[in-house]
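Handing you this structure, nothing more for now.
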Number of protein chains: 2
Amino acid sequence: MPVSYKDAGVDIDAGDELVDRIAPLARATRTAGVLADVGGFAGLFAVPGGYTEPVLVSGTDGVGTKLKVAFATGVHDTIGIDLVAMCVNDVLTVGARPLFFLDYFASGTPDVGVGEAVVRGVADGCKLAGAALLGGETAELPGMYAPGEYDLAGFAVGIVERSRILDGRAVRKGDALVGVASSGLHSNGYSLARRVLLDDAALALDATLPELGDPGRTLGAALLEPTRIYARAVAGLVAALGERLHALCHITGGGLPGNLPRVVPDESLGLAVELASYPRPGIFHAIAARGPVEETEMQRTFNLGVGLVAVVAEDAVPAAVAALEAAGERAWRLGAIVPAREAGPERVALRRA
Amino acid sequence: MPVSYKDAGVDIDAGDELVDRIAPLARATRTAGVLADVGGFAGLFAVPGGYTEPVLVSGTDGVGTKLKVAFATGVHDTIGIDLVAMCVNDVLTVGARPLFFLDYFASGTPDVGVGEAVVRGVADGCKLAGAALLGGETAELPGMYAPGEYDLAGFAVGIVERSRILDGRAVRKGDALVGVASSGLHSNGYSLARRVLLDDAALALDATLPELGDPGRTLGAALLEPTRIYARAVAGLVAALGERLHALCHITGGGLPGNLPRVVPDESLGLAVELASYPRPGIFHAIAARGPVEETEMQRTFNLGVGLVAVVAEDAVPAAVAALEAAGERAWRLGAIVPAREAGPERVALRRA
């Protein structure tokens, strides 16, 4: 009997159907730059006008084992928002505006319904970011992924005027740190969160926990809460503050101490964060108490409720908070830039008093 | 006992060491556009000057189950070339020049040596493409990948002058098809090739097959042969042919019949390919004979020795072949553009006579 590609485990029909279902989702994200119906092999996007020295800004990321929560709950239509957020929030940190996004979705045998839900989330994320979903790949890798599992990678491109790049060189002693609230764990630390809550404490994903505050909210919903996309927030900050915006930091893997020093290149400066300046969300208390997980490990693994930090001139704090609130975020004065010697050897002091 | 991130299966030290080893590999690919040492969260690349209406061209891809051949042979330092090739060759089809590339490398627990070898291949591919390796993500997903396995996704961005985009509208009846040799299977059809050669025929990867021609060449080496990157070839064609270059087609998943019609939007035109115009490489004979795999299935699954097809004005064939040979490729007159009715319902006729 002759052997066919389908015999080898590759279901071209399912792949084609998924591609057909994705097309209108991507079309709905089109922005002015997209050159549609050209270039069947690649996506085309016109460099926007009005820049003297346009610089492209690009980042790639995945969503880590937050995927496992999507697999376990069967809720697949928001993990794509996380994917866009993780890539776009990185791109935003230099003051850039997102232009477009591409996604890579890999599974053993594609489940058309799941794949469509995932890409619907990606498209929703692109709309929140103001980025066009310019392309994507649905990879079929028989035998490499367990049934019902998949991996996701994302890729974002933005643009910024060269003279307006936020490189942290404007940061000065006495600048303020403005914190922007996260929506929960975002997409970091899930291996630890899952180990503590689901494995060791053996909590069910449909359990409700007193620490979560909302009595009707399940643990699964709290763990799947999509990562916030700060595109509108950053556009608002850039417009409102101009040169009084000195740096932006995405609080991703490594938490506040692992990320904040990255945006302050002057090694004579440090960052003093007042952890008592905001209420820590309940999900972090749930993880810390049930592990237990020590405070230093919590700080190095999770965002602890802060998704983005802006370093701004001290007199710009009210304008920064107002711009962020106008963009739909919660924001507050989180701390200040201090001499490095006051912030310890890693240039970050997290104060709990 | 308190629980740490490391207890949860995430080895931050191994991840950090891999990132340290990757940094010099990426640095070695830097081109003039890269803004180094700025933007710790994202890569920055200045839009090159000299364009009136610059258009960005972007594509994403993986390498499919060619990965499984890398796992089985333990040879990990060329699969990254395949990754770059699959993305960049798509971008080239509109006549674009590659600018930069990003990679996503995901495994359960990172093997630093394997990860470094993979990214060394990515960097080698970037050099062949003239693209800077602008960023990347090494994702650690405990429990999602089998030990020793990993997945790879790539993202490429190129640039083209808007008025010079190859959109296939210049294709005319009587144009010639110029074939450019592939180096083997490239990165398509591996699920079928592995099923036939490794599972059903139970051949060893260190076996030598008479069909491969070279008596010292193992099956594993033949299956791992890196995908050709056609960046120099396309740059040479664009420069030599100008407006006599009408379309470019990357022969990827779906083979010649699945890809060629995509670059000829005029539905009154078809493509006639003379399969006897070149010797089919031995690896394809090995697969067809040992499956057996029927000729139509071979045609729809594999590139059959043709990695790229240029549609050119008939009088430009000698110049096209000369430009491609000067870029180090083998090229020949593969066929012609004919009326669609002469090419059958799918507008592609593959003639074996």
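The values are calculated or read from the model by the stated rules, or taken from the named source; none is laboratory data. Computed from a prediction, not measured in an experiment: that's the story for all the values here. Neighbour counts run over all protein chains shown; Cβ positions are idealised from the backbone, glycine included.
Are there any pairs, at least 6 apart or on different chains, whose C-beta atoms fall under 7 Å, with the first in the range B:228-254 and on the phi > 0 side of the Ramachandran plot and of a type outside the set (F, W, Y) and the second surrounded by fewer than 18 Cβ atoms within 10 Å (Cβ to Cβ) and not in a helix (DSSP H, G or I), and if so, which?
No pair meets every condition.
Within the range B:99-111, restricting attention to residues that are in contact with a helix residue (DSSP H, G or I) (Cβ under 9 Å, 6 or more places away or on another chain) and at pLDDT below 95, which residue is surrounded by the most Cβ atoms within 10 Å (Cβ to Cβ)?
Filtering first and then ranking leaves B:P110.
Let me ask something additional. Output the number of residues of the range B:1-46 satisfying the condition of being under 20 Å from A:N89 (Cα atoms) and of a type outside the set (A, V, I, L, M).
The total comes to 6.
Report every pair of residues separated by at least 6 positions or lying on different chains whose Cβ atoms are under 9 Å apart, first residue within the range B:330-353 and modelled with pLDDT of 95 or more, second hydroxyl-bearing (S, T, Y) and not in a helix (DSSP H, G or I).
Note: pairs meeting the criteria are B:R330/B:Y278; B:W332/B:Y278; B:L334/B:Y278; B:P339/B:S268; B:A340/B:S268; B:R341/B:S268.
Which one of A:V75, A:V84 is within 20 Å of the chain's Cα centre (by Cα), more than 9 Å from chain B (Cβ to nearest Cβ) and surrounded by fewer than 18 Cβ atoms within 10 Å (Cβ to Cβ)?
A:V75
From the residues in the range B:33-51 that are aromatic (F, W, Y) and touching a residue at least 12 places away in the same chain (Cβ under 8 Å), which one is surrounded by the most Cβ atoms within 10 Å (Cβ to Cβ)?
Looking only at the range B:33-51, we keep the residues that are aromatic (F, W, Y), and these are B:41, B:45, B:51.
This time we only want the ones that are touching a residue at least 12 places away in the same chain (Cβ under 8 Å), so: B:45, B:51.
Numbers: B:F45: 22, B:Y51: 15.
The extreme case among them is B:F45.
Look at the range A:1-32 and say how many of its residues are surrounded by 18 or more Cβ atoms within 10 Å (Cβ to Cβ) and under 30 Å from A:R164 (Cα atoms). It would help to see each step written out before you state the result.
Going through the range A:1-32, the residues surrounded by 18 or more Cβ atoms within 10 Å (Cβ to Cβ) turn out to be A:3-5, A:8, A:10, A:15, A:18, A:22, A:25-26, A:29.
Applying the additional criterion that residues be under 30 Å from A:R164 (Cα atoms) yields A:29.
The number of residues fulfilling the criteria is 1.
If I ask for residues that are buried (at least 24 other Cβ atoms within 10 Å of the Cβ) and in contact with a Pro (Cβ under 6 Å, 6 or more places away or on another chain), which ones from the range A:157-177 would you list?
A:G158
Among (1) at pLDDT below 95; (2) surrounded by 21 or more Cβ atoms within 10 Å (Cβ to Cβ), which single condition is A:R262 missing?
So A:R262 meets the others, but not (2).
Next up: What about A:G253, is it buried (at least 21 other Cβ atoms within 10 Å of the Cβ), at pLDDT below 95 and among the small types (G, A, S)? Steps first, please.
On the way: buried (at least 21 other Cβ atoms within 10 Å of the Cβ): yes; at pLDDT below 95: yes; among the small types (G, A, S): yes.
Taking the combined requirement at face value, the residue satisfies it.
While we're on this one: So which residues in the range B:16-45 are in a loop (DSSP other than H, G, I, E, B), under 22 Å from A:G254 (Cβ atoms) and more than 13 Å from chain A (Cβ to nearest Cβ), if there are any at all?
none
Would the range B:178-198 turn up any residue that is buried (at least 23 other Cβ atoms within 10 Å of the Cβ), within 11 Å of chain A (Cβ to nearest Cβ), within 25 Å of A:I12 (Cβ to Cβ) and free of Cβ contacts under 8 Å to residues at least 24 places away in the same chain?
Looking for residues that are buried (at least 23 other Cβ atoms within 10 Å of the Cβ), within 11 Å of chain A (Cβ to nearest Cβ), within 25 Å of A:I12 (Cβ to Cβ) and free of Cβ contacts under 8 Å to residues at least 24 places away in the same chain, one finds at least one in the range B:178-198, hence yes.
Yes or no: the range A:2-11 includes at least one residue that is of a type in the set (F, W, Y) and outside any loop (DSSP other than H, G, I, E, B).
If we filter the range A:2-11 for residues that are of a type in the set (F, W, Y), which is where we start, we get A:5.
Now narrow it down to the ones that are outside any loop (DSSP other than H, G, I, E, B): none.
Scanning the range A:2-11 turns up no residue that is of a type in the set (F, W, Y) and outside any loop (DSSP other than H, G, I, E, B).
Now, a different point. So how many residues does the range B:118-154 have that are more than 9 Å from chain A (Cβ to nearest Cβ), surrounded by fewer than 19 Cβ atoms within 10 Å (Cβ to Cβ), within 18 Å of B:V69 (Cα to Cα) and touching a helix residue (DSSP H, G or I) at 6+ places or on another chain (Cβ under 9 Å)?
Total meeting the criteria: 1.
Let me confirm something: among A:V19, A:V57, which residue is in the same structural domain as A:A123 (by TED's automatic domain parsing) and closer than 30 Å to B:R300 by Cβ?
On inspection, the qualifying residue turns out to be A:V19.
Would you confirm whether or not the range B:52-72 contains a residue that is surrounded by fewer than 16 Cβ atoms within 10 Å (Cβ to Cβ) and without any contact (Cβ under 8 Å) to a residue 12 or more places away in the chain?
no
Out of (1) within 24 Å of B:F41 (Cβ to Cβ); (2) within 11 Å of chain B (Cβ to nearest Cβ); (3) surrounded by fewer than 21 Cβ atoms within 10 Å (Cβ to Cβ), what's the single condition that is false for A:A96?
The single condition A:A96 does not satisfy is (3).
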